[in-house]
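Undergrad: Structure incoming, see below.
What follows is calculated from the coordinates using simple rules that are stated; it is not laboratory data. Everything numeric in this text was worked out from a predicted model, so none of it was measured. All Cβ positions, even for glycine, are placed from backbone atoms using ideal geometry, and neighbour counts span all protein chains on display.
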Amino acid sequence: MYLIGDQPPYAEKLINALQRIPEQLLQGLAPCGPPIELDAVADLYQHIGNNRIYLLQSGLLHAEIEDKPIFYVQEGDLIGLRQGLNTAPCTYKSEEPLVLLPFDREALFKHIHASSQRQEQFTQYILGQAALMSDAIAHSRPPEVRPVTGFQHFPAGAELIRQGDDADHVFIITEGHAEAFVEGIKVGDVQKDEIFGAMALFTREKRSATVTASAPTTVMMIPKEQFLALMQSNPRIAHSLIESMARRIDLMNKELTHYKQAAK
């Protein structure tokens, strides 16, 4: 996948990282049928089914959202993962022959869920794709009506989220580093590629910590509705993510308790 028009450096780095994931996800999983060969198509889904996921082996697809060309799907990309992303309908077109390798949707998700590493890679892949598309859609609209989504840049010292605020996005650091504070006390670090800000979406409570950039930082911002729809469509990944966040919260609580005891 790559965006139409000039690609900012943060998008190019993310796209290059995401492009390597499908091959890793599919390793050890057999296709559910022979390759599908198609000529130029005006709407890909008029020729393929919705119950499968496809690896684009050859060709180039143009993706349109709201009748606007937004991005290309290139060789090595997966097609059919958009279900559950709660995004605008997407039409795939091609002006050249295509070769698609089909995989059974249920078998693929079982294969992903059988490995914690594949679960993490899949979460990175689908959230990264969602952030890129949100960013592309936002930039296709006039500046005065662009939503706050996609990618945001923060200088060192800037607050990414604030304790007590409403939660309307999930964040993933793509460049930089941040620190988490509770009641002004540092309780942990937020590293590159780490998801943060999601627990408040699950609990529907206010932000439990303030996260501040400790260096110039770029983050992906996933809207709440889009993130929750993704988790509902992939409950095993949601369960794995909640477990990971629970462990992190436990460490933060221990750090906070240790600090308060030391301060007495």
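Undergrad: Using only the C-alpha atoms of the stretch 13-103, find the volume of their convex hull and express it per residue in Å³.
TA: Expressed per residue, the convex hull around the Cα atoms of the stretch 13-103 is 105 Å³.
Undergrad: Then there is this: Using 0.36 nm per residue of separation minus the Cα-Cα distance, give me the extension gain between LEU38 and GLU225 in nm, one decimal.
TA: 63.8 nm
Undergrad: A further question follows. Say R0 is 41 Å: what FRET efficiency, to the nearest 0.05, do GLN24 and LYS206 get from their beta-carbon distance? Working shown, then result.
TA: On the way: r = 37 Å, r/R0 = 0.90.
The pair GLN24/LYS206 has a calculated efficiency of 0.65.
Undergrad: For the stretch 29-81, what is one quarter of the convex hull surface built on the Cα atoms, given in nm²?
TA: Computing the convex hull of the Cα atoms and averaging its projections yields 4.2 nm².
Undergrad: Which order do the peptides 117-125, 187-195 come out in when sorted by mean C-beta neighbours inside 10 angstrom, highest first?
TA: 117-125, 187-195
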